[in-house]
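Working notes, beginning with the structure itself.
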Amino acid sequence: MAAFVAHQGWVAPMDRSNVDTDAMMPKQYLKCIFKSGYGDWAFDDWRYLDAGDVDVDVSTRRKNPDFELNKTIYQGASILLSRENFGCGSSREHAVWGIRDMGFKVVIATSFADIFYNNCFNNGILALTLKPEQIERLFELSGDKAMSLTVNLQEKRVTLANGEFYSFELEENRRFKMLNGLDNVATTLLKKQAIQDFEKQHKQTHPYYFTPLR
Amino acid sequence: MALTLFDKLWADHEVAILEDNVSLLYIDRIFLHERTGSIALESLVADGRMVRNPEKVFCSMDHIVDTHVGRTDETLVPSGKQFIQSTRKASHAAGIKLFDINDPWQGIVHVISPELGIVQPGCTLICPDSHTCSQGALGALAWGVGSSEAEHAMATNTLVVKRPKNMRVNLVGQLPVGITAKDLVLHLIAQYGAAGGSGCAIEFAGEVVEALSIEARLTLCNMAVEFSAFTGLIAPDHKAFDYIQGKPYAPKGKQWEEAMVYWAGLYTDADAVFDKQITIDCSHLAPVVSWGTSPQHACSVLDKVPNMPTNIEAGDEASYLRAYEYMDLHPGQAIDSIVIDAAFIGSCTNSRITDLREAAAILVGRKVANGVKAICVPGSKAVKRMAEAEGLDKIFIQAGFDWREPGCSMCFFAGGENFGFRKRVISSTNRNFEGRQGPETRTHLASPITVAASAIAGRIADPREYLL
């Protein structure tokens, strides 16, 4: 996974609460076994006026002019802004693959659903929460014009073009892995001995969780 | 120090503390299914890694499989066969237990894991499926993950987890006749919002929970994720122990006795402190049905489609307006006047034997209304066998329901089947998101008995009118 230190990009605002993963990546696109190439299908039911499927050429489909992310001023955006409970619903990692392949590097929201939040970091997307009043301010500023933000993971800071900035919190474990582009499994395997020691003790105290389950 | 049930489960699985509120937890059980399992297993191999403890990993064919009688690997999903066959191949190569299409124990992961005794009180269990929280009903710490985390768990038997807050939902009073666990959880979400449990592990407690059967408790915990909770759990009691005992994968002999000693301590200490608490008096609840496009858009079957709340949060206004439009409903419309096109009983929420018995009790001697497509999909082969031994299949079929093979089925048009463009469905499932059950299909979530009553009436109906 590529390291993430800082990112400057345009913001695309999605002023909705409870944006669910079914909306982000409808089920007809879950039939692909690969992990990339989902960008054209992200937010499919909202993004297009006609029905789509994996074998439908997206260039022939009609885009919904009312959908936020289709507006000309938000083309090329790499920072997605939303509200409470972003990514609720299904655990499908395809939802994250879709927004990543659409070009988003950062998602900012008031809160995230747990599984989606973890899936973001596992795929190199920085998901960060800001206070409701800060989110409100970003929506105000990005409502009708392109707005640039700089997200600095090193400093844990979001800076607006006018110099205004907001600090954000992130667990050090996640931050360290993102900053250094570390592989999750490889990082955990550095604790191989601790895992083996725990397992040995766990097996003694709870042997019934270790009975060969066949 | 007084501990909550969640605190105890967390402490007993903590391999290492990585920083404040972030730990490396040991995972006792991993469950996969053919939609995300195939991706996780193949990705693991591609990364040059192996399943660390194959005997702790299970897989069931449930998400993509066709549910018509006489099914094969073929599904209406063009690449469904590929998923099924690659999962089969990868499972065999990894040496993990696969409940294949024709296995006598095949079924929906969250139905078969409890009925086989794979999930047990006090264990940790993960699955790349958001409704894994169902299994917390037996006092396990069970939660859903993505494919990458399933891969991590298979390779290391651990996961890095941010510690959620402790929340208790106290359900008190006496549950009225005709009110089910599904009504309870829909009411909770409607009252406190789809993000009401965000960042929390929720313990369901109180005399109402104690009175529920294990299968009803599974329904309650199943929808903790729709409340945005990390998981849901219930302290195991004699009902849980009786339920587990004798199951194929349950501890036997001396190990059963050892397990019982540990399990008996799995409860929240009297003085334990919760970060949040909610108390709901359930004595006067009516059956609950969803009207919109989020589980929080729900109300009593006796109510009218609600107006947008005056104190609505930013961002929710658009969701409400969109919900009215998508569902083709307007505020003030009586819920029990809404005409339906289809009825579905199934899913990891409500497809267990008690669900089918309760629905059949309403359907017996009655017929599904003209023009209503009705489908019942048992949650597992074991449930199907029990139902057929009791003659429930005949009741469903005579009433006009399709009687199917086990699988996730129409919960999210798995297997490629759907209810059709803009059809209105009353469903015992867990999500009423846009397009979930078909193209622009309009889903109303309800209990199996409300689904059965509505199928007969041809409109959303109060099941209490049909109870003998």
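If you wrap a convex hull around the C-alpha atoms of region B:184-308 and split its volume per residue, what is the figure in Å³?
Convex hull of Cα atoms, per residue: 134 Å³.
Name the residues of region B:146-174 whose amide N is less than 17 Å from a point 7 angstrom out from the Cα of A:ASN180 along the C-beta direction?
B:160
Mind checking the dipole of region B:178-256: about its Cα centre, +1 per Lys or Arg Cβ, -1 per Asp or Glu Cβ, Debye to the nearest 20?
My answer is approximately 380 debye.
Relative contact order for region A:6-209: what is it in percent, counting Cα pairs under 8 Å that are at least 6 residues apart?
Reported relative contact order: 23 percent.
What is the Cα convex hull volume of the protein assembly as shown when expressed per residue in Å³?
Taking the convex hull of the Cα positions in the protein assembly as shown, it is 145 Å³ per residue.
Provide Rg and Dmax in Å for region B:39-132, with only Cα atoms included in the calculation.
When restricted to the Cα atoms of region B:39-132, Rg and Dmax are 13.7, 41 Å.
For region B:415-468, what is the Kirkwood hydrodynamic radius in Å, using each pair of distinct C-alpha atoms?
11.6
Using only the alpha-carbon atoms, what does chain B span along each of its principal axes? Please give whole angstrom values in decreasing order.
That gives 55, 52, 44 Å along the principal axes, largest extent first.
Provide the percentage of antiparallel DSSP beta bridges, counting only those with both residues in the protein assembly as shown; round to the nearest 5.
If we restrict to bridges inside the protein assembly as shown, about 35 percent are antiparallel.
Take each complete run of DSSP H in chain B, measure how far its Cα atoms stretch along the helix's own axis, and keep only those covering 18 Å or more with mean Kyte-Doolittle hydropathy at least -1.0; list them.
TM-like helix candidates: B:80-94.
Where both residues lie in chain A, what percent of DSSP beta bridges are antiparallel, nearest 5?
Once the DSSP bridges in chain A are tallied, antiparallel ones form about 50 percent.
So what is the 222 nm mean residue ellipticity for chain A from helices alone, if each DSSP H run of at least 4 adds -39500 (n - 2.57) and you divide by all residues, rounding to the nearest 500 deg cm²/dmol? Can you show the working numbers first?
On the way: 8 runs with 64 residues, N = 214.
Mean residue ellipticity at 222 nm (helix-derived): -8000 deg cm²/dmol.
For region B:290-369 and region A:74-113, what is the centre-to-centre distance using only Cα atoms, to the nearest Å?
First find each Cα centre; the distance between them is then 28 Å.
Hey, what angle do you get for helix A:192-205 against the long axis of chain A, alpha-carbon based, 0 to 90 degrees rounded to 10?
Helix A:192-205 sits at roughly 60 degrees to that axis.
Applying the Karplus parametrisation 6.51 cos²θ - 1.76 cosθ + 1.60 with θ = phi - 60° to the phi angles of region A:94-105, what ³J(HN,Hα) value in whole Hz is obtained for each residue in order, glycine and proline being reported as x?
Per residue, the Karplus-derived 3J(HN,Hα) values read 4, 4, 6, 4, x, 6, 5, 6, 6, x, 7, 10 Hz.
Quickly work out the B:ASP269-to-B:ASP281 label distance, labels modelled 7 Å from Cα along the C-beta direction, and quote it in nm with one decimal.
Rounded to a tenth, the inter-label distance reads 3.3 nm.
Where both partners of a DSSP beta bridge lie in region A:85-189, what percent of those bridges are antiparallel, to the nearest 5?
Once the DSSP bridges in region A:85-189 are tallied, antiparallel ones form about 60 percent.
Counting other C-beta atoms within 10 Å, which of A:TYR38, A:TYR209 has the fewest, and how do the rest follow?
Ascending number of Cβ neighbours within 10 Å: A:TYR209, A:TYR38.
Among all the aspartates and glutamates, which ones have a C-alpha under 19 Å from B:LYS384's C-alpha, if same-chain residues fewer than 8 places away are not counted?
Qualifying aspartates and glutamates at Cα under 19 Å: B:ASP62, B:ASP66, B:ASP100, B:ASP103, B:GLU115, B:GLU215, B:ASP355, B:GLU358, B:ASP393, B:ASP402, B:GLU405.
Per DSSP H run of n ≥ 4, the term is -39500 (n - 2.57); total these for chain B, divide by its residue number, and report the mean residue ellipticity at 222 nm rounded to 500 deg cm²/dmol.
-9000 deg cm²/dmol
Under a plain spin-label model, where a point goes 7 Å from the Cα along Cα-to-Cβ, how far apart in nm are A:GLN193 and A:SER167?
It is 3.6 nm.
What area, in nm² and to one decimal, does the C-alpha convex hull of region A:45-153 cast on average over all directions?
Averaged projected area of region A:45-153's Cα convex hull equals 7.5 nm².
By how many degrees, 0 to 90 and rounded to 10, does the Cα axis of helix A:132-142 deviate from the longest principal axis of chain A?
With both axes taken from Cα atoms, the answer is about 40 degrees.
Any read-out appearing in this document is the output of simple, stated calculations on the displayed coordinates, not a laboratory observation. These numbers were taken from a predicted model, which means no experiment stands behind them. Heads up, the Cβs are rebuilt from the backbone with ideal geometry, glycines too, and the neighbour counts pull from every protein chain shown.
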